[in-house]
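Encoded as structure tokens, the structure appears first; notes follow it.
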Amino acid sequence: MAYPVLASPRHDHVGKLNETMSERNAVPRTRSRLFRLYAAMAVLGLLTSCGHPKSIRVQGYVEGEYVYVSSPLAGPLLTLQVQRGDTVKAGEPLYVLDRTVQRAALDQAQASCGRRNSA
């Protein structure tokens, strides 16, 4: 004849012991998973920040000197070859003046000199 096995306090204690052991094992597993997640995020962060930027951008103020450019001769402006903020090298033309007035004055002066020399 088989006797039914009844749950005894001893068996309940073993079940609770097994439950607490699995709960204790769950905490290190969770910590391990979090550690792995943080480590993966750190590695990805380092890999994406290793490249050099193509251009350097900085915030701040720039101080410079104002340069006023003028011509020693008067005349209408034909072309302006630079704009505000452009970088200009030494000797590079900035503008072109209309030389019609200067040519007319030169022609008149040469004509008067020619008349004096011929007389």
Give me a comma-separated list of calculated 3J(HN,Hα) values for the stretch 61-70, in order, Karplus coefficients 6.51, -1.76, 1.60 applied at θ = phi - 60°, integers in Hz, x for any Gly or Pro.
10, 10, 9, x, 9, 7, 10, 9, 10, 8
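What is the magnitude of the charge dipole of the stretch 77-118 about its Cα centre, with +1 placed on the Cβ of each Lys and Arg, -1 on the Cβ of each Asp and Glu, and no other charges, expressed in debye to the nearest 20? Can you show the working numbers first?
Numbers: 6 positive and 4 negative charges, 45 e Å.
My answer is approximately 220 debye.
Using 0.36 nm per residue of separation minus the Cα-Cα distance, give me the extension gain between Ala39 and Asp86 in nm, one decimal.
Working: separation 47, 0.36 × 47 = 16.92 nm, distance 4.84 nm.
Once the chain is fully extended between Ala39 and Asp86, it gains 12.1 nm.
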In vacuum, with every alpha carbon of the stretch 77-118 counted as one equal point scatterer, what does the Debye formula give for log10 I(q)/I(0) at q = 0.16, 0.29 Å⁻¹? Two decimals, please.
-0.60, -0.96
Taking 0.36 nm per residue of sequence separation and subtracting the Cα-Cα distance, how much length would be gained by fully extending the chain between Leu77 and Leu106, in nm to one decimal?
8.5 nm
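Taken together, the values in this text are just the output of simple stated rules run on the coordinates, not laboratory data. These figures come from a predicted structure and were not determined experimentally. Cβ sites come from the backbone with ideal geometry, for glycine too, and all protein chains shown count toward neighbours.
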